[in-house]
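Following: one structure in structure tokens, then a few remarks.
The values are calculated or read from the model by the stated rules, or taken from the named source; none is laboratory data. What you see is a predicted model, and the numbers here were worked out from it, not measured in a lab. Cβ placement follows ideal geometry from the backbone for every residue including glycine, while neighbour counts extend to all protein chains displayed.
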Amino acid sequence: MRQHTHIRAWLAAAMILLFLPSAVWSRGVAEQDFPPVEDRRVETDELVIYTYDSLGGTLRRLIESHFAETYGVTVTMERIGDTGTLYTQTFLERDDPRADVVIGLDESFLPRIRRDRLFEPFEPSAIELVRPELAVAEDWLVTPFDFGFITLNYNAELLPEPPSSWDDLLDERFRNSIIMLHPGTSSPGRNFLLATIAEFGEDGFVEFWETLAPNILTVTSGWSEGYGLYTQGEAPMVVSYETSPAFHRAFEDTDQFRSIIFDNRAYMQIEVAGIVRGARNRLNAERLIDFIVSEEFQSEIPFTQFMYPIHPAVELPQAFLDGNVDVEGVRLDNDLIEANFTTWLEAWEDALR
């Protein structure tokens with residue numbers, strides 16, 4: 001009963017955060033007019049960036065030093081929770097935006113970004129992609145900056161025999177063994193839920209989660225909290241990235257933490273950045289987008305984000321090559337997600353109560 005009590009308590013506490021945006025959105029998006037892009041594409045001495053709390057410190061410092069040394073620009077970077085909170089903050093400021101660029105949403109938010117008119121298009125001047133599917137918006141409303149695959153990770157010392165399939169994951173020997181991330185506030189949690197919908201269909205995923213519920217120890221709001229509990233030994237499995245074990249191989253010299261890939265398939269997460277509609281520092285915002293797709297910036301992605309870089313010239317470190325690099329990416333259509341995600345999320349919450 002312990003894990004069910006914990007899950008119910010967390011879900012109740014999260015209801016306000018999860019459904020406040022829906023209540024706000026139902027009133028419609030204000031048609032605020034902003035000065036034309038050309039009028040805002042001028043030299044300024046600042047740049048304001050919103051991002052999620054897990055953006056690597058190396059990347060933050062790289063951006064700050066690049067703009068200070070190259071343009072004499074002061075960068076203000078605010079880390080705003082996980083992706084759900086990041087989106088909500090950007091939406092609530094849509095009539096009077098403070099940020100110029102948002103870094104850290106994933107591509108599944110694209111229909112919502114269009115509907116809510118949060119970003120302005122900008123095509124980077126020199127972008128090269130290691131995979132063509134990374135170009136998720138033909139009009140460049142968003143720009144990809146890294147990608148990875150969402151799956152379960154496990155601690156081999158605590159779990160010598162991990163599950164070998166989705167059905168095996170339901171076995172009672174895995175009671176209280178999984179740390180789940182909430183799909184309403186966490187991008188990996190959202191995409192793991194989508195992975196189960198892709199696997200079991202809209203008619204079958206609820207039954208899967210109802211059966212899985214006893215095996216879930218707790219649900220956390222974001223990746224940092226969930227993965228921290230996992231590395232502390234609170235549970236032997238966690239929803240995370242296929243590349244997460246590369247960190248432990250590279251910096252802790254251990255193969256204790258590993259990923260689980262069922263049928264060599266996992267949900268593909270493409271993380272994106274975008275220029276906020278009405279950005280006051282439009283020229284510096286464009287400079288930032290150009291910079292984050294450059295080889296210089298992209299070369300830092302593996303050992304800061306522990307994701308895959310989008311730039312084909314970047315060589316992967318050995319810690320990545322020792323993992324599962326030939327994963328088949330699974331994705332659902334973004335418009336399908338936008339049309340149904342609220343219903344899917346409510347069904348998921350009901351399944352775990």
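Restricting to the stretch 131-140, name every residue that is under 19 Å from the mean Cα position of the chain (by Cα) and either in a helix (DSSP H, G or I) or closer than 16 Å to P312 by Cα (or both).
R131, E133, L134, A135
Yes or no, residue by residue, for (1) acidic (D, E); (2) under 23 Å from the mean Cα position of the chain (by Cα); (3) within 30 Å of V102 (Cβ to Cβ); (4) assigned to a loop (DSSP other than H, G, I, E, B):
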| position | (1), (2), (3), (4) |
| --- | --- |
| F145 | no, yes, yes, no |
| I150 | no, yes, yes, no |
| P160 | no, no, no, yes |
| S164 | no, no, no, yes |
| D167 | yes, no, no, no |
| P188 | no, yes, yes, no |
| L193 | no, yes, yes, no |
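Out of A198, A235, report the one residue that is touching a residue at least 24 places away in the same chain (Cβ under 8 Å), among the hydrophobic types (A, V, I, L, M, F, W, C) and surrounded by 21 or more Cβ atoms within 10 Å (Cβ to Cβ).
The unique qualifying residue is A235.
Report, by residue number, each residue of the stretch 40-57 that is at pLDDT 95 or above and closer than 22 Å to E271 by Cβ.
Those that are at pLDDT 95 or above and closer than 22 Å to E271 by Cβ: L47, V48, I49, Y50, T51.
With assigned by TED's automatic domain parsing to the domain that holds E138, in contact with a Lys or Arg (Cβ under 8 Å, 6 or more places away or on another chain) and either aliphatic (A, V, I, L, M) or part of a helix (DSSP H, G or I) (or both) as the only criterion, which of E338, E296, E286 stands out?
Going through E338, E296, E286 in turn, just one is assigned by TED's automatic domain parsing to the domain that holds E138, in contact with a Lys or Arg (Cβ under 8 Å, 6 or more places away or on another chain) and either aliphatic (A, V, I, L, M) or part of a helix (DSSP H, G or I) (or both): E286.
Go through (1) in a helix (DSSP H, G or I); (2) in contact with a Leu (Cβ under 9 Å, 6 or more places away or on another chain) one by one and return the number of the condition E64 breaks.
(2)
Conditions tested, residue by residue: (1) exposed (fewer than 14 other Cβ atoms within 10 Å of the Cβ); (2) out of contact with any Lys or Arg (no Cβ under 7 Å at 6 or more places or on another chain).
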site	(1), (2)
L62	no, yes
L92	yes, yes
R98	no, yes
V102	no, yes
F109	no, yes
L118	no, no
D139	yes, yes
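Return only the number of the condition from (1) surrounded by fewer than 20 Cβ atoms within 10 Å (Cβ to Cβ); (2) in contact with a strand residue (DSSP E or B) (Cβ under 8 Å, 6 or more places away or on another chain) that L158 does not satisfy.
(2)
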